[in-house]
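The values are calculated or read from the model by the stated rules, or taken from the named source; none is laboratory data. Every value quoted in this text rests on a predicted model; they were computed, and no experiment measured them. Note that we place each Cβ from the backbone using ideal geometry, even for glycine, and neighbour counts take in every protein chain shown. All accessible areas refer to the heavy atoms of the entire protein, side chains included, with ligands and DNA or RNA removed. Shrake-Rupley method; radii C 1.70, N 1.55, O 1.52, S 1.80 Å.
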Amino acid sequence: MLVVSVCSLKGGVGKTSIVLGLASSALAKGVPTLVVDLDPQADATLALDVAAAAEIDVATLLGNPRRKTFDAAVTRSGWATADQQLDVIPGSAESAAYDGRRSTERALSRLGQALAMSQDYRLVIIDCPPSFGGLTRSGLVASNRAMIVTEPALFSVTAADRALRAVDDLRRAIAPELQPLGVVVNRYRDRSPEHRYRVGELADMFGPLVLTPTIPERSALQQAQGASMPVHRWPGPAAGELGSAFDAHLARVLRAESRPPRRRIIAEGIDREPASA
């Protein structure tokens, strides 16, 4: 089972959209997947068409990481079909109580303990809050890989740098299995000189850690999310373009499933792992 945290240290970059795109691709490819909604805003839970407010959610699981609680927290996504498995551990505003910056190592290990109780999934995708508090660190400690989401703008680029450094610090401290999968650029417009410049800047800063393809800015993504539908089922060429981009990223995620630790790149004071196969 591969566990991937999707995170950003800046809000508004479309982090949850990347989670939903990966989940849509996994569903289309028949990959048994669990989405864990750690963000107290619980936007992923809403978009994944969870039928009703859950009595047992991620906050309950963090407070009581036992098999019985885990099984009760897992909820079927409305996207799933009879032969396609996509489950959700719903988000909750109450999870904010676990977002303290001084969380103990024991507290940060609870989510990983809970996920280790199940082998029903090939892929677990964790939607982290846009900060480096206790919830994001819990998600990262539970993960094998971290995907950083950014957009082609100055403040987002600097936030991606901070996020990669934070992931590396956590790996050195208490999460030795954690590795950066890379940085995915969201909401990219090829006709924008600013966007092209920022993508080049990211490539100069992070080299092969910048994942391709970029995710283009298309209204089809917001439309599919507004309808609580996977983008792979949304009609039109724009949705098809987005689906292909997410398929490429999912393929890269799954290649990390059985890959041994690779040679690390030392650059700008950060140990970095190449993202390409």
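What residues qualify as long-range amide H neighbours of TYR188, i.e. H under 5 Å apart, gap of 5 or more or another chain, H built at 1.01 Å from N?
Amide H to amide H, under 5 Å and 5 or more residues apart or across chains, TYR188 pairs with ILE215, GLU217.
Sort 183-189, 48-54 by the packing proxy (mean of other Cβ within 10 Å over each peptide's residues), most packed first. Spell out each step's value before the answer.
Numbers: 183-189: 22.4, 48-54: 16.9.
Result, highest mean Cβ count within 10 Å first: 183-189, 48-54.
What accessible area, in Å² to the nearest ten, does a 1.4 Å probe give for VAL35?
0
Classify region 2-98 from the C-alpha gyration tensor, please: rounded if a/c falls under 1.5, else prolate or oblate depending on whether a/b exceeds b/c.
Numbers: a/c = 1.68, a/b = 1.10, b/c = 1.53.
Oblate, since a/c reaches 1.5 and b/c is not below a/b.
Tell me, what is a quarter of the convex hull surface for the C-alpha atoms of the chain, in nm² with one decimal? Spell out each step's value before the answer.
Numbers: hull surface 53.7 nm².
Averaging across all directions leaves 13.4 nm² for the Cα convex hull.
To the nearest whole percent, what portion of all C-alpha pairs in region 128-185 is separated by more than 14 angstrom?
Numbers: 840 of 1653 pairs.
When all Cα pairs of region 128-185 are counted, 51 percent exceed 14 Å.
I want the antiparallel fraction of DSSP beta bridges within the chain, as a percent rounded to 5.
Numbers: 6 of 32 bridges.
About 20 percent, rounded to the nearest 5.
If you roll a 1.4 Å probe over region 122-192 with all protein chains in place, what percent of the accessible area is carbon or sulfur? Don't jump to the answer; show the numbers that get you there.
Details: 1140 of 2300 Å².
C and S atoms contribute 50 percent here.
With every protein chain present, what is the per residue accessible area of region 106-221 (1.4 Å probe, Å²)? Could you put the intermediate results ahead of the total?
Numbers: 4510 Å² over 116 residues.
For region 106-221, the per-residue accessible area is 39 Å².
Using the Karplus curve 6.51 cos²θ - 1.76 cosθ + 1.60 with θ = phi - 60°, what ³J(HN,Hα) values do you get for each residue of region 66-72, in whole Hz, with x for Gly and Pro?
Result, ordered by residue: 10, 4, 4, 5, 4, 4, 6 Hz.
Taking H as built 1.01 Å from N, whose amide H comes closer than 5 Å to the amide H of VAL210, not counting residues under 5 places away?
VAL183
Counting each DSSP H run of 4 or more residues in the chain as -39500 (n - 2.57), what helix-only mean residue ellipticity at 222 nm follows after dividing by all residues, to the nearest 500 deg cm²/dmol?
Working: 11 runs with 112 residues, N = 277.
Roughly -12000 deg cm²/dmol at 222 nm, from the helical runs in the chain.
Taking a ≥ b ≥ c as the square roots of the Cα gyration tensor eigenvalues, with a/c under 1.5 meaning rounded and otherwise prolate when a/b beats b/c, else oblate, which class fits region 57-153?
Oblate.
First compute the accessible area of region 15-58 with a 1.4 Å probe, then give the percent of it belonging to carbon and sulfur atoms. Provide the component values of the computation, followed by the final result.
Working: 740 of 1440 Å².
For region 15-58, the apolar C and S fraction of the accessible surface comes to 52 percent.
Solvent-accessible area of ARG198, probe 1.4 Å, all protein chains present, reported in Å² to the nearest ten, please.
30
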